[in-house]
Amino acid sequence: MLISRTPFRISFAGGGTDLQSFYQDQIGAVVSTTIDKYVYLAMHPFFFREKIQLKYSKTELVSSIEEIEHQIFKAVLEEKGITGIDINSIADAPSGTGLGSSSSFTVGLLNVVYSYIGENLSKEELASKACYIEIDRLKNPIGKQDQYAASYGGLNHIKFFPDGTVNVEPIKMQNNLKEELDRNLIMIFTEGTRSASKILKKQNEEISKKNKIDQMNLMVRQADKLRESLEGGRLDDFGQILHEGWNLKKSLTSEISNTGIDDIYDRGIKSGALGGKLCGAGGGGFILFYCPLEKQEEFRQNMIDFFELKFNFESKGSKIINLMEN
């Protein structure tokens with residue numbers, strides 16, 4: 001049996017500039033980190049060697065790859081034509097909550113499938129194959145940041161170039177400051193999930209407008225600015241950069257936020273947070289707040305109505321954590 005463990009991610013700045021409709025003419029950039037919440041995929045030979053069994057939110061038992069309903073499972077297994085296998089998927093958080101779970105799933109599935117047949121893919125190969133599956137094969141209107149975050153792991157400044165290449169640069173911070181940053185981040189669930197593809201499709205349509213390109217170039221500069229602040233040890237800048245970036249992102253399309261999300265965000269700021277943003281494409285899921293330690297007791301008292309997801313930074317990307325002979 002093989003088991004892959006692939007982390008989810010939080011994007012701090014630059015989200016949306018990883019869309020091809022933007023980086024085909026400009027250089028996109030994001031700052032993100034992976035966290036200790038994961039999707040696990042366990043793979044082993046199936047008892048009935050002529051069939052395929054897949055378990056996720058539902059169970060599929062099929063006789064051929066062509067019969068598979070789950071599009072990512074189908075596309076990945078078609079890559080190598082593998083049958084006679086059983087794959088189980090479990091995750092620490094549901095899809096549609098803004099943590100990049102779909103791309104983490106794709107990266108983890110590629111990792112376990114290729115390891116199963118004895119091929120070890122590099123981080124770059126995992127990320128680029130995941131992008132190919134999701135964007136080129138399945139035509140999902142999404143960007144590239146999630147696949148690269150899940151493959152590489154850690155706190156990174158990721159750049160997207162017009163020729164399609166991607167550069168992942170680890171952000172270098174003193175350990176004590178990185179630990180302080182980790183402690184100062186609080187994630188609140190908005191009690192809603194959404195389809196990132198629908199929101200990103202709308203955002204793709206808006207990017208061609210001149211004023212939207214100008215706004216997204218500002219978001220790229222914010223990612224650069226955030227990296228400079230983190231490497232320079234200026235954590236006090238973090239909350240303000242999150243706040244500015246969130247306001248910029250909301251201006252791209254009306255589907256990114258709503259009155260409910262805005263009310264939760266405003267409540268968090270009034271409770272001591274210095275800034276924050278909705279995770280992922282928008283529309284629902286988790287809100288990330290930057291709240292100094294001395295304000296966190298008041299913050300949690302005022303936000304007690306909402307579920308808080310406790311997390312820590314994760315420095316590693318997708319990996320095989322279990323290998324047993326069958």
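Laboratory data are not the source of any read-out in this text; all were calculated from the coordinates shown. The structure presented is a predicted model; accordingly, all values stated were derived computationally and were not measured. Cβ: placed from backbone, ideal geometry, glycine included. Neighbour counts: every protein chain shown.
Points worth noting:
- For Cα extents along the principal axes in Å, computed directly from the structure shown, the correct entry in (1) 59, 43, 37; (2) 60, 49, 40; (3) 77, 53, 34 is (1).
- Spread of Cα-to-Cα distances over 10 Å intervals beginning at zero, given as percent, for the stretch 1-160: 11, 41, 33, 12, 2, 0
- Distance (nanometres) between label positions extended 7 Å along Cα→Cβ at ARG300 and THR83: 5.4 nm
- The stretch between ASP266 and ASN175, if pulled fully straight at 0.36 nm per residue, gains 29.6 nm over its current Cα-Cα span.
- Approximate spin-label separation LYS319-THR165, in nm, with each point projected 7 Å along Cα-to-Cβ: 2.9 nm
- Working ranking of peptides 262-274, 11-23 by packing, defined as the average number of other Cβ atoms within 10 Å per residue, highest first, is 11-23, 262-274.
- Looking at the chain, the DSSP beta bridges with both ends there are about 95 percent antiparallel.
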